[in-house]
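The values are calculated or read from the model by the stated rules, or taken from the named source; none is laboratory data. Keep in mind it's a predicted model, so treat the numbers as computed, not measured.
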Amino acid sequence: MADPRDKALQDYRKKLLEHKEIDGRLKELREQLKELTKQYEKSENDLKALQSVGQIVGEVLKQLTEEKCK
């Protein structure tokens, strides 16, 4: 029969290995989150820039239309 101390050491080593694996996965997921956050922020900034350009184009077209009607 296995010594309780040996069993405890085996369990400890097993849990330590599991912890290491989970820690590695957590690190990968954090890196993925960081990258996705960067992509999201870039998309948001691109969208804001596109909206600004759209407003400027709309204002220019409005002025041109008003000048044509005079």
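Exactly one residue out of R5, R30, R25 is more than 28 Å from the chain's Cα centre (by Cα) and of a type outside the set (F, W, Y), and it is R5. Checked against the criterion of being at pLDDT below 95 and not in a helix (DSSP H, G or I), the range 2-17 contains one or more residues that satisfy it.
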